[in-house]
Structure formats: C-alpha cells, structure tokens
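Notes for the one structure printed next.
All of the numbers you see were taken from the coordinates with simple rules; none came from a lab. These figures come from a predicted structure and were not determined experimentally. Neighbour counts run over all protein chains shown; Cβ positions are idealised from the backbone, glycine included.
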Amino acid sequence: MKALARKHLDQGVQPLEYEAQVKYPGSPASLDAPGGKTVRRLLQASARDPLFRDWATSPAIAARLHQLLGEQVELSQAHHNCIMTKNPAFSSATGWHQDIRYWLFERPDLVSVWLALGPEHEENGCLWLVPGSHRIAFGPKQYDEALFVRPDQEENTKLLAKKLPAELDEGDVLFFHCRTLHSAGKNLTGQTKFAAVFTYHAADNRPLPGTRSASLPDIPIP
Ligand SMILES: O=C(O)CCC(=O)C(=O)O
C-alpha cells in the first residue's frame, strides 16, 4: 500500500488535495504560493485501487468495526477515504478539531480507522488525541469560525493538557470516534509520512440528504 501510494504521489494521480486547499492556519494562500501544490492527500482511496479498498473492507477491520458499530456497517466514500501524504518539503499543522463538526449524519457516531504506512511520531507530525473527549458536550464558545477548538479558551486549555501523541509503527491501526478531539503537527523530518484513513458508520445512521456526507454512495462492509 505504501509503495502504491508513493507511486501515485510521484505520478500525481488525481484526485489530489494540495496544501493550499486544506486552508489550515499556516497553509499556503494559493496553489501558486510556495508549497501550495504540495500534495497533502491522495483522495478517493477506495476507488483508486482494489488494494486500498480490499484493506478497508477486509475481515480483520470489519470484525473490529462490528464490535464498535453493530452488525451492518458501511464505509463512507465522502469523508477521509484518503491516503495522507505529509510532506517534508512543506506541511501545515492541523488544529484541534472533532471530525463530526464537518460531517452531517443522523447520529454523531462514526469511527475512523487510521493505518500507519510508516512510523508516526511527534517529529513527523503524528496525530494527538484527547482520550475520552468523544463523550464531552462542547459549547459554541469553544470553537472558532472554522470550527477548530480554540486552544486559548479556558475550558479547552484544561482539556488539551490531557492530550496524548498517537505514536505508531508501520502497520499499526488506530480506531477513533468522530467526536474525539485531535490535531497533528508538521512533518519536520526528511521523509514523507503516509497513512491510509477510512471512516465508517452503522448502516442505519444515514448521511443527511443534500449534504457532502451524502454526496457519494456508501460501501457495505461484509
Ligand atoms: O494532518 C493530519 O495528519 C491529521 C488530519 C486530520 O486530523 C483530519 O483530516 O481530520
């Protein structure tokens, strides 16, 4: 999977998301700005190659998902469903957020599966998470306009003190709830960091019609 991801990155196989498009604080202002065309994500991983789709729907992953989400589980093609390619030449940090702030489903219960295609640690921009934060009810004052959690707000400061890095070895898999507060740093090493990320929901938890969450058909997991 890593070799294939590297090949798609080197060949610029579309669809791609560039650093300029993520619009994180510190991202290049436009595609033509320095670093703007650095690839941040190989999008539509499940449709890119059967290798990615087969892993995302494999029995080992399905078994865990059934424990977490029930008997009928679907893979969302509209969210994550990508290979993250955090590049040493340019990478912006990702602020504190909950993925569900950007997704619209009947219930805020989805699980993302993050497969490290190489080692992930603080220096190359691993994920940071606040364990248990998926159970917290956040108030509107805790978010900024882009729906990132404001690190300067008092309640948030206390909460963020509990953050932990998700240090992973190649082949490790992290399962996390869509309300879990998380962030990620820049890649300060000389190697691109690759991770495959997929998101799942119970089949009876439907994306709201007309939203981005409903924009692509979901894939049932065996
Ligand atoms: O930048 C990263 O590595 C994390 C990205 C992330 O948290 C997200 O896409 O929700």
Q) Which ³J(HN,Hα) values in Hz, rounded to whole numbers, follow from the phi angles of the stretch 21-36 under the Karplus curve 6.51 cos²θ - 1.76 cosθ + 1.60, where θ = phi - 60° and Gly and Pro get x? A) 8, 6, 6, 6, x, x, 5, x, 5, 8, 4, 8, 6, x, x, x
Q: Mind checking which aspartates and glutamates have their Cα closer than 14 Å to the Cα of K2? Skip sequence neighbours fewer than 8 apart in that chain.
A: D10, D49, E120, D169, E170, D172
**Q.** Label point 7 Å beyond Cα of A60 along Cβ direction - residues of the stretch 23-53 with amide nitrogen under 19 Å
**A.** 46, 50-53
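Where nothing but the Cβ of Lys and Arg (+1) and of Asp and Glu (-1) is charged, how large is the charge dipole of the stretch 81-222 around its Cα centre, in debye to the nearest 20?
That gives a dipole near 340 debye.
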**Q.** the chain: C-alpha pair distances exceeding 32 Å, %
**A.** 14
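DSSP loop GluC sites (Glu not before Pro) in the stretch 103-157 with at most 13 other Cβ atoms within 10 Å of their Cβ, which ones?
Sparse-neighbourhood loop GluC sites (Glu not before Pro): E106, E145.
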Q: Grab the Cα-Cα distance for T211 and E170, subtract it from 0.36 nm times how many residues apart they are, and report the gain in nm with one decimal.
A: 11.3 nm
Q | Test item: Cα-centred dipole of the stretch 1-157, Lys/Arg +1 and Asp/Glu -1 on Cβ, debye | A | 360
Q) How much net charge surrounds A203 when only the other residues with a Cβ under 11 Å from the Cβ of A203 are counted, with Lys and Arg +1 and Asp and Glu -1? A) -3
Q: Pull out a ≥ b ≥ c, the square roots of the eigenvalues of the alpha-carbon gyration tensor of the stretch 110-222, then state rounded if a/c is under 1.5, prolate if not and a/b is larger than b/c, and oblate in the remaining case.
A: oblate
Q) Considering only the other residues whose Cβ falls under 14 Å of the Cβ of R135, what net charge follows from Lys and Arg at +1 and Asp and Glu at -1? A) +1
Q. Using r as the Cβ-Cβ distance of A203 and E123, and R0 as 45 Å, what FRET efficiency do you calculate, to the nearest 0.05?
A. 0.70
Q: Would you order R48, R107, R206 from fewest to most other beta-carbon atoms within 10 Å of each residue's own beta-carbon?
A: R107, R206, R48
(Q) Give me a comma-separated list of calculated 3J(HN,Hα) values for the stretch 58-75, in order, Karplus coefficients 6.51, -1.76, 1.60 applied at θ = phi - 60°, integers in Hz, x for any Gly or Pro. (A) 6, x, 5, 6, 4, 4, 5, 5, 5, 4, 8, 10, x, 6, 9, 10, 10, 8
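In terms of the Cα gyration tensor, with a ≥ b ≥ c the square roots of its eigenvalues, is the stretch 41-143 rounded because a/c is under 1.5, prolate because a/b exceeds b/c, or oblate?
Judged from the Cα gyration tensor, the stretch 41-143 comes out oblate (a/c at least 1.5, b/c at or above a/b).
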Q.
I need two numbers for the stretch 59-104: Rg to one decimal and Dmax as a whole number, Cα atoms only, in Å.
A. 14.8, 43
